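Below: one structure, written as structure tokens.
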Amino acid sequence: MITQRQSAKSIDEAAARWVARQDAGELTPAEEADLSAWLDSDIRCVGALARAQAYFISPRMELAMRMLRRPPAPSVAQWGTLPRRAVLMGAAASVLGAAVLVRRPAPTAGRRYASEVGEVRRIPLPDGSRITLNTDSVLEVDYREDSRTIRLLKGEAYFEVAKNPDRPFIVQGPKAQARAVGTAYAVRLEDDKGSMRVQVTSGRVAVELPPPAPPATAWQALERLWTPSAGATNGTHVTANQEAEVRIGLNAAGVEEVQVSLRDVAPGALGRSLMWREGLLSFEGVTLAEAAAEFARYSVQKIVVKGAPAHERISGLFAATDPAGFARAIALGLRIKSKREGDIITLYK
């Protein structure tokens, strides 16, 4: 017996009908069984349902319905070999990404910039360099004739650096700095102790201790002559498609030093981890608890995961400022429950 394969159009139409039925009210046990059977009937059904859900809740409904008729985007399942239940509703999040706030101010020397929770700011610099400031982040721009210094005070930013060997581009954290001439890289402060992560997409970056502050007194200047150097001047080099975890430790002499662990990252994976620049969060094999913690950076709504679901591993692409949509997709994909009380969304068995 030959079974006719469903067409992409028929799958999309069925997905739209299922979303409409879900919106009308809670599914009955029989309908839940029918939905589960339909999802299992074709590998394309999961992605189609994800797209349909995102389009349905999109405020631009007319555009969304037009997009529903387009050929489906490449499946998130192409990123790895996780089971279907872990490859969730993220493919449709690109429809929602337009909700991210973007501002383009003109910077001045010594000026401070901050982003609100859920906001991404794009900051063009006078030399042609560009900064993309992630959610809830703060930095200061200090441009001088012989240097370009960015002090990252909180959060995360991505830097596209215009090449100028005579004016190094330096991103300073509380304890370490990332110095470049012409490259593109992201810096994220991990905690209040000075730890940070550096991701390089092109060129090369030197991770090092910042230069010491000028001595305030003659006694401090004399004392510095007898104090061991605070580390190598050339730092640890991070090249394209590498990620560095930076920690601050003590060397044998008891002096602070930068401790860097490097790892190579596939270009595609690195690009996905930086999709916050487009208002999206990309997860690949992370636990649900880890994903919930990342969403907490982008919204006042918080996701709490109770019990065993916290350890479930998920993959997908989601709108960063839509934790409620993420929770709905997770609840459906993992067959768990979701409850919202005020700004708290709870996921549980």
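The values are calculated or read from the model by the stated rules, or taken from the named source; none is laboratory data. In this text, all values refer to a predicted model and were calculated from it rather than measured experimentally. Here the Cβ is made from the backbone with ideal geometry for all residues, glycine too, and neighbour counts use every protein chain on show.
Taking segment 238-255 on its own, how many of its residues are surrounded by fewer than 13 Cβ atoms within 10 Å (Cβ to Cβ) and of a type in the set (Ser, Thr, Tyr)?
Looking only at that region, the number is 0.
List every residue pair whose Cβ atoms lie under 6 Å apart, where the two residues are 6 or more positions apart in sequence or sit on different chains, the first residue falls within segment 110-135 and is more than 13 Å from Arg148 (Cα to Cα) and in the same structural domain as Pro168 (by TED's automatic domain parsing), and the second residue, located anywhere, is assigned to a loop (DSSP other than H, G, I, E, B) and basic (Lys, Arg).
If the second residue must be assigned to a loop (DSSP other than H, G, I, E, B) and basic (Lys, Arg), the pairs left are Arg121/Arg103; Arg122/Arg104; Thr135/Arg297.
Take the residues in segment 330-349 that are among the basic types (Lys, Arg) and not in a strand (DSSP E or B), then tell me which one is farthest from Ile43 (Cα to Cα).
Taking the candidates together, the pick is Lys349.
Could you give me the residue pairs with C-beta distances under 7 Å whose first residue belongs to segment 252-271 and is without any contact (Cβ under 8 Å) to a residue 24 or more places away in the chain, whose second residue is part of a loop (DSSP other than H, G, I, E, B) and surrounded by 13 or more Cβ atoms within 10 Å (Cβ to Cβ) wherever it lies, and which are 6+ apart or on separate chains?
Partner pairs satisfying both residue conditions: Asp264/Asn241.
Has segment 261-273 got at least one residue that is surrounded by fewer than 19 Cβ atoms within 10 Å (Cβ to Cβ) and more than 19 Å from the chain's Cα centre (by Cα)?
Yes.
With respect to Glu13, is the statement that it is acidic (Asp, Glu), outside any loop (DSSP other than H, G, I, E, B), farther than 29 Å from Thr287 by Cα and at pLDDT below 70 true?
no
Per-residue answers, yes or no, for (1) out of contact with any Cys (no Cβ under 6 Å at 6 or more places or on another chain); (2) surrounded by fewer than 20 Cβ atoms within 10 Å (Cβ to Cβ); (3) among the basic types (Lys, Arg):
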{"residue": "Gly279", "(1), (2), (3)": "yes, no, no"}
{"residue": "Ala308", "(1), (2), (3)": "yes, yes, no"}
{"residue": "Arg313", "(1), (2), (3)": "yes, yes, yes"}
{"residue": "Ala324", "(1), (2), (3)": "yes, yes, no"}
{"residue": "Ser338", "(1), (2), (3)": "yes, yes, no"}
{"residue": "Ile344", "(1), (2), (3)": "yes, yes, no"}
{"residue": "Lys349", "(1), (2), (3)": "yes, yes, yes"}
